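Have a look at the structure below, then the notes.
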Amino acid sequence: MNPTAVHNFDVIVIGAGIAGCTAATLYGRAGLTVALIERQPDNHAYKKLCTHYIQASAKPTLDRLGVSERIEAVGGVRNGMAIWTKSGWIRPSADPRYPPHGYSLRREKLDPLLRQLATETPGVTFFNGHAWRELLWDSQGRISGVLTSEQKSKQTHRFNGRLTVAADGHYSKTAELLKLRGRSWVNGRFGYFAYYRHLPLPTGPMAQIWFKQPDVAYAFPNDDAITLIAYMPSLDKLPAFKPDPHAALEQHFAALPDAPDMASAERLSPALGMLKGEFHWRPAAVPGLALVGDAAASTDPLWGCGCGWAFESAAWLVDATAEMLLKNGDVVKGLTQYKKLHWRRLAGHNWYNGGFASGRNFYPHEQLILAAAAKDEQCARHVLAFAARHVGIGRLHSPLNFFRSLWINLRQR
């Protein structure tokens, strides 16, 4: 049996998806050595189940990485959002305070693009086809690296590092081994989605979301004139979908206000099901290790938050720890800063999304805010700022916004 190969790096990143590649690229640019470890041997592997929607809140991170131009070069769509509620459409103009758009690009293009960016970065070494087996610990009880097994040769590898980054997704093996327990929510809706080419939408490249209460539908235009459509009804409707999911999907879409003409588009896939779902919130850091992306916070795909949060959380982690790693400082301090920032920026969103995933209708005060947004430009911008994750739930439900919404509704009764 071959002896264990030993590698020493500043940072060990587990998982070469959005969050892992972002972290590896930024750490490498900071002057650190990085081992980027990926279980899949195929460099072109990508995540299959995704909305492919990158929220506008992640645009500064995309620009910082220098991938906005690359995304557009391969057909990425500058996205936006129009929201239908029973009070009408919410379609505000761009708010100059925030980035005007994110991008929509299918993961089969996005993931290899980010992986190439990371592996081209000086200081980053890519180890694909490595199934990691266990975490390593130092004498102080801190995580100090990982042990992997190379799938092709069965060679065992020991990766030592001052910081380990778990970017291994929703079903994080790292979090499971550490028994990291946070908050979890069970989805009260199921979903079916499908892909169409040349599906005409009244909003053009802008995403359309329908809140029918409690059912939700959306259409997300992507690259190559391909649009992802999804319908997410409450669980009690599942028996009606099971005999013929695609017919049920198209039937429900045909009944939507300003529905796209399905017959004029080319269907590219069958109806694919998302029948079970559980979302979670985990501690974002422990001594020697940080969690980024879905490993730290996964949420209902209904909102299209996962890609943007993966970019953002990885950038927050690098900003909090890179300088300390370079100066051989106490990285635990940086991890504490990252954990606090992660909580401050995402906890409210995650709690709100998890509660809405129960399948509930909007509460009366939410209906008031949405009704005002369908009538008033300023209220509409406020709702879209929350939907694009520029502001938190506290800003959406602030007394000032509530009383303006009340005034708008009373004035335009």
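The values are calculated or read from the model by the stated rules, or taken from the named source; none is laboratory data. Predicted model, so just to flag it, every value in this text is computed and none were measured. Note that we place each Cβ from the backbone using ideal geometry, even for glycine, and neighbour counts take in every protein chain shown. The protein model used for the area step is the full one, side chains on, heavy atoms only, and it has no ligands, DNA or RNA in it. Shrake-Rupley method; radii C 1.70, N 1.55, O 1.52, S 1.80 Å.
The table that follows gives values for the structure above.
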quantity: Residue among R162, R197, R189 that is of a type in the set (K, R), buried (at least 19 other Cβ atoms within 10 Å of the Cβ), closer than 30 Å to L235 by Cα and touching a Leu at 6+ places or on another chain (Cβ under 9 Å); calculated: R189
quantity: Enumeration of residues in the stretch 323-341 that are under 21 Å from R142 (Cα atoms) and either of a type in the set (F, W, Y) or under 23 Å from the mean Cα position of the chain (by Cα) (or both); calculated: L335, T336, Q337, Y338, K339, K340
quantity: Qualifying residue in the stretch 321-337 (condition: closer than 29 Å to S104 by Cα and touching a strand residue (DSSP E or B) at 6+ places or on another chain (Cβ under 9 Å)); calculated: no
quantity: Residue check, L135 over 24 Å from the mean Cα position of the chain (by Cα), of a type in the set (A, V, I, L, M) and not in a loop (DSSP other than H, G, I, E, B); calculated: yes
quantity: Residues satisfying the stated conditions in the stretch 364-395, i.e. over 16 Å from S87 (Cα atoms) and either small (G, A, S) or in contact with a His (Cβ under 7 Å, 6 or more places away or on another chain) (or both); calculated: A385, A387, A388, R389, G392, I393, G394
quantity: Matching residues in the stretch 80-120 - criterion: being within 25 Å of C21 (Cα to Cα), acidic (D, E) and in contact (Cβ under 8 Å) with a residue 40 or more places away in the chain; calculated: E108, D111
quantity: Candidates V124, V74, filtered to the one that is of a type in the set (A, V, I, L, M, F, W, C) and touching a Lys or Arg at 6+ places or on another chain (Cβ under 6 Å); calculated: V74
quantity: Single residue of N409, N401 found to be crowded, with 16+ Cβ neighbours inside 10 Å, more than 30 Å from D111 (Cα to Cα) and touching a His at 6+ places or on another chain (Cβ under 7 Å); calculated: N401
quantity: Matching entry among F253, F241 (being closer than 18 Å to P202 by Cα and open to solvent by less than 10 Å² (accessible area, probe 1.4 Å)); calculated: F253
quantity: Test for D261: is it at pLDDT below 95 and over 27 Å from V34 (Cβ atoms); calculated: yes
quantity: Any hit, the stretch 18-39, residues being surrounded by 22 or more Cβ atoms within 10 Å (Cβ to Cβ), aromatic (F, W, Y), in contact with a strand residue (DSSP E or B) (Cβ under 7 Å, 6 or more places away or on another chain) and more than 30 Å from P202 (Cα to Cα); calculated: yes
quantity: Residue list for the stretch 40-65, restricted to those being within 19 Å of H349 (Cβ to Cβ), out of contact with any Ser or Thr (no Cβ under 6 Å at 6 or more places or on another chain) and buried (at least 16 other Cβ atoms within 10 Å of the Cβ); calculated: C50, T51, I54, Q55, A56, S57, A58, K59, T61
quantity: Residues of the stretch 220-233 that turn out to be of a type in the set (G, A, S) and buried (at least 22 other Cβ atoms within 10 Å of the Cβ), as a count; calculated: 1
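Here is a yes/no grid of residues against (1) of a type in the set (F, W, Y); (2) more than 28 Å from P60 (Cβ to Cβ); (3) open to solvent by less than 20 Å² (accessible area, probe 1.4 Å):
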{"residue": "L275", "(1), (2), (3)": "no, yes, no"}
{"residue": "L291", "(1), (2), (3)": "no, no, yes"}
{"residue": "A297", "(1), (2), (3)": "no, no, yes"}
{"residue": "D319", "(1), (2), (3)": "no, no, no"}
{"residue": "L325", "(1), (2), (3)": "no, no, yes"}
